[in-house]
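Only the coordinates and a few stated rules stand behind these numbers; no lab work does. As the structure is a prediction and not an experimental result, all values here were calculated from the model. Every residue, glycine among them, receives a Cβ derived from its backbone with ideal geometry; neighbour counts consider all protein chains shown.
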Amino acid sequence: MKRLMRIATLVVLIGGLFMAFSPKKTWTDAEAADIARRMQKYVIVEMKYDLRHLPARDKELLQTLIEAGKLIDEIFWRQTYYDNIRLREEIVRTRVPEDPVRRFFFMQAGPYDRLAHNEPFMNVPPKPPTAGFYPPDMTKAEFEQWLADHPEDKEAFLSPYTVIERRNGKLVAVPYHQAYQPFVSRIAQKLRHAATLTDHEGLKHYLLTKADALESDRYFDTDVAWIDMKNAPYDMVIGPFEVYEDELNNLKASYEASVEIVDREESAKLDVYTRHLSELEMFLPYADKFKNKEAHLTSAFAIVNDIYRGGDIRVGYQPVAANLPNDPEVHAKKGSKKTFWKNVLNARLNKIIFPIGERLIDKDQLQYMTGQGFFDFVLMHEISHGLGPRYVHNTQTPVNVALRDLYSWIEENKADLAGLHSLRYFREQGIISPEMKRQHLVSYLGSIFRTIRFGTGEAHGKAAIVSLNFLMEKGGIEYNATTGRYRVNFNKIDDAITQLAGELLTIEATGDYARAKRLEAKYAGTPDFVQRSLDQLKDLPIDLVPKYVIQW
């Protein structure tokens, strides 16, 4: 009896201690409800990998690359919002790990919901277009006036690899490798260590040159090494690439990292496409005087499964493919590399695109919405990023500099439409079966609505609504008001695609900002019936969030 009483007393004491040291709730019911509503836009998908079979040296290599990727993520935190680190420290200090606001904050890398037009979900001001690249109170007019008054600063200020700071009343361009030096030096150290863990000469050379590039912001040599790397078992996208975070000028590149296991057999099957790049350029529907007839470009393909994402690639919109690097000099002199994340692409198809198609695509055409049709479209979208003009005709002005804040959506739209047009080339040449036409076009139609749901303030979303409105105006896509469903008019859509692709390519070739603005004004609105279609999808996720589970 006494033993039972002692046990009971012990249980009470342990329970009291547990209550005393257990985390206390730090969120309100209203906050929990708000985060739950926001999380409906996301579906968390586990990406499981059993890597226990790998040699110990390979495991150390991959783990070292992941460590480098986590440091890249730290730089991105500082780029995306100028007050992020102070806010993060405050959240860690005041909110327990189970707090839904804290968890959503870390998922978004800041206090703004990326799939809700960067809407604040905390008590913070609206996200500044300057992000963390410029003084937070800087305006576009001030930036341009400084360039006009200080032409000697133009090159440094327009570089994608500088942060603009105020110092003693003056504006100064600080190179990335200096602004983020504590992180950059550690990343470079890890890449050099990783290079000692592989016998693949191409991968070793790439990692060493990338370490040097990160410490100098000179990427040409390492970009060439990456494109030339053949048949490596592993790969890594790492460095500053995309400019979406810079909503002031679309100039400054965000850091990102992806650690990947290469599917070498599937990657090799895509080599056939590299033999037709010159022909694709000449097939594009814009004036011959704008085309690069002398280009002998290299294009490499890698089909991979990634086991880590960090930085710009980790948050918000989850890319299933990429055409990198973005440097116009590399594109003009060497080419590019197309990476396809097979695990993310398959998850998007099954969790996002197929369910959307079931609700919005004409039932007679649903049979043509296929995984192969979608993959071919994504493939040609990425190839087409490497086609077309990189510089304004007869100038040394990069297209992105000429088009500034309009560039991102124009380029994404160009890649979509030039990609669809290029699929026609491959079908006509018999490289892809002509029977795939319906699968290509209906699969593209299904993907449009997924992309529009990102919002027309986002580059991909704006590109998608412009395409939908234009193609419907030309009769290539039709809407049935009775059924609320959409279908492709296979007799008209090729001509409509050619017209829009030609318009976008010409805008880039001429750097015509006003023409781009007119296209945006006419086609970037969301018609009421399209909004009703989008409303039918409210219970479906907009995009996925990969959750990597690795057995080492």
| task | Give, rounded to the nearest 20 debye, the magnitude of the charge dipole that the range 254-352 has about its Cα centre when Lys and Arg contribute +1 at Cβ and Asp and Glu contribute -1 at Cβ. | result | 160
| query | HN-Hα J couplings of the range 250-266 from phi, Karplus 6.51/-1.76/1.60, θ = phi - 60°, integer Hz, Gly and Pro as x? | reply | 6, 10, 7, 8, 8, 6, 8, 8, 9, 9, 9, 9, 7, 8, 5, 5, 5
| query | Is the shape of the range 388-449 best called rounded, prolate or oblate, per the rule: a/c under 1.5 gives rounded, else a/b larger than b/c gives prolate, else oblate, with a ≥ b ≥ c the square roots of the Cα gyration tensor eigenvalues? | reply | oblate
| remark: Residues meeting the amide H criterion for F301 (H placed from the backbone, H to H distance under 5 Å, 5 or more places apart or on another chain) are K338
| note | As straight-line cross-link partners of K41, the qualifying lysines (C-alpha separation under 19 Å, not fewer than 8 residues apart within one chain) are K351, K462, K538, K547
| Per DSSP, loop trypsin sites (Lys or Arg not before Pro) in the range 253-348 with at most 11 further Cβ within 10 Å | K293
| request: With unit charges on the beta carbon (Lys/Arg positive, Asp/Glu negative), name the residue among H460, L158, V401 whose Cα is farthest towards the positive pole of the charge dipole of the chain. | output: H460
| Cα gyration tensor, the range 465-552 - rounded (a/c under 1.5), prolate or oblate | oblate
| request: Would you mind calculating the relative contact order of the chain from Cα pairs under 8 angstrom and at least 6 residues apart, reporting the percent as a whole number? | output: 17
| request: Would you list which lysines come within 27 Å of K154, measuring only between C-alpha atoms, while excluding same-chain residues fewer than 8 positions from it? | output: K127, K140, K170, K210, K252, K333, K334, K517
| query | Against the longest principal axis of the chain, how steep is helix 140-149, in degrees 0 to 90 to the nearest 10, with axes from Cα atoms? | reply | 70
| In degrees, nearest ten, helix 56-80 long axis to first principal axis of the chain (Cα) | 80
| query | With contacts defined as alpha carbon pairs under 8 Å and 6 or more residues apart, what's the relative contact order of the range 176-279 in percent? | reply | 19
| remark: If amide H atoms are modeled at 1.01 Å from N in the peptide plane, then the residues at a separation of 5 or more from G239, or on another chain, having amide H under 5 Å from its own are E256
| task | Work out from phi, with θ = phi - 60° and the Karplus expression 6.51 cos²θ - 1.76 cosθ + 1.60, the ³J(HN,Hα) of each residue of the range 349-362, listed in order in whole Hz, and give x for Gly and Pro. | result | 4, 6, 8, 10, 6, 4, x, 5, x, 4, 9, 10, 8, 3
| Rounded tilt (10° steps) of 84-94 against the dominant C-alpha axis of the chain | 30
| Tensor-based shape of the range 128-208 (alpha-carbon gyration tensor, a/c under 1.5 rounded, otherwise prolate or oblate) | prolate
